[in-house]
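Novice: Dumping the structure here so I can ask a few things about it.
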Amino acid sequence: MSKTVTILGATGSVGMQAIDVARTRGYKIDALSANRDVRTMESLAREFRPRAVAMADPSAARDLKLQLCDTDICVYSGEEGIASLVGETNAETVVNSILGEAGLIPSLAAIDAGKRLALANKESLVIAGDIVMSRARERGVEIIPVDSEHSAIFQSLKAGRQSEIKSIILTASGGPFFGYTREMLNGVTLADTLSHPTWKMGKKITVDSATLMNKGFELIEAVHLFSVAPERVRVTIHRESILHSAVEYIDNSVVGELSVPDMRMCVQYAVDYPERQPSASPALDLIGIGSLRFYAPDTSAFPFLDLARRAITLGGAMPAIMNAADEVAVAAFLNEKIGFTDIYDAVTNTFELLTAHRASTDLDGIIAADREARAIANEQISKIGGI
Ligand code: MG
């Protein structure tokens, strides 16, 4: 029977891949949301005829409403509009591929509505992992990760029990600057940063992959999703992005998931789980690949792995602060206001200035800390000045 999905952040990189899966798998789309890309949203609305659509940007919502006035599709506006759209969806699964902190409230709305959450928005767990996971447990809602590493871990965990886990092996491509020293990193440009060796992704996550902040977020995501201590998550650089992550069990068996790097497979698995269905992703040709290489991460040239470990160990709003400072610093880097290694300084300085927020654990406290971190990070960036 055909599945019904709601896709949030539909015009982004993962969102468009989710749309592609909906096309090939014949999922029915109940609702779609996007930030402000009216043209793409109109064409998706005409192709899939969802019950409702929402635009986070109110003026984009007004434009889209005009464009769709010959249809009976409801158009919602703003962040509250997205939350309402999720609250009343008829879909079995909500695919959340919104970028950044904006994805948190929609994740909670999907859980409150009792929908399966196919989660590509890692910030939901980075910012408020305890709240999201405990609310999902209370409501009996499944969170199936769409992030390729966590999808691999989720699948690998089918081979044993929670008490039998020795460690989680979280793989990382290492990004375009693998092997660089801190000194070499001082000289890298925006164009160098945006050329990722193995994955095609949005700009924000491509920069986060280059700084390894993305892997820091994923470490925090794994701690929440799989209830493991941060020290049990071991990051291993794996250049080919074929082994998407693995679980080491107490008998020293390692069970991992291997496939070509293709997010469509992860989206499809999350929606179809516990079934598997044929997919449009290419088959894995191990002989063609020949060899798989693994290395230890260089945590002194790439300090965000250790910062993320500290953030989750301190707890409270510290992961949210780290995320907020990173969102601001990466935006400044993408606008060529600061250099690559300035991202490290802006985020680390903001984090150190706000460590008192490790005591904030409720949603209001975390959101207040997020806003304060954005303001402090902006100050740090103006101090760094132009490049
Ligand atoms: Mg990932």
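Please treat every number below as a calculation from the coordinates, not as lab data. Here the structure is a predicted model, which is why all the values come from computation and not from measurement. Cβ coordinates were reconstructed from backbone atoms using ideal geometry, including for glycine residues, and neighbour counts include every protein chain displayed.
Novice: For the residue pair SER163 and ALA375, what label-to-label distance in nm results when each label sits 7 Å from Cα along the Cα-to-beta-carbon direction?
Specialist: Between SER163 and ALA375, the simple spin-label model gives 5.0 nm.
Novice: How large is log10 I(q)/I(0) at q = 0.19 Å⁻¹ when the Debye formula is applied to the Cα atoms of the range 4-146, each weighted equally and without solvent?
Specialist: -1.03
Novice: To continue, here is another question. Can you flag which of LYS28/LYS122; LYS3/LYS203; LYS337/LYS383; LYS28/LYS215; LYS122/LYS204; LYS203/LYS383 are past 22 Å Cα-Cα?
Specialist: In this structure, LYS28/LYS122; LYS3/LYS203; LYS28/LYS215; LYS203/LYS383 exceed 22 Å between Cα atoms.
Novice: Give me the dipole magnitude in Debye, nearest 20, for the chain about the Cα centre, with unit charges on the beta carbon: positive for Lys and Arg, negative for Asp and Glu.
Specialist: 560
Novice: Moving on. Quick one: net charge of ILE250's neighbours, Cβ under 11 Å, K/R +1, D/E -1?
Specialist: In short, -1.
Novice: Quick one: grab the alpha carbon gyration tensor of the chain, order the square roots of its eigenvalues as a ≥ b ≥ c, and give me rounded if a/c is under 1.5, else prolate or oblate depending on whether a/b is larger than b/c.
Specialist: Note, shape of the chain comes out rounded.
Novice: If you don't mind, another one. Could you give each residue of the range 90-102 its phi-based ³J(HN,Hα) in whole Hz, using Karplus coefficients 6.51, -1.76, 1.60 with θ = phi - 60°, and x for Gly or Pro?
Specialist: 8, 5, 7, 10, 9, 8, 9, 10, 5, 8, x, 4, 4
Novice: Suppose only helical runs count, i.e. DSSP H with n ≥ 4. What mean residue ellipticity at 222 nm does that imply for the chain under -39500 (n - 2.57) per run, divided by all residues and rounded to the nearest 500 deg cm²/dmol?
Specialist: Calculated at 222 nm, the ellipticity per residue is -15000 deg cm²/dmol.
Novice: So how far apart, in nm, are the two label points at ARG293 and SER59 if each is 7 Å from Cα heading toward Cβ?
Specialist: The answer from the label model is 4.8 nm.
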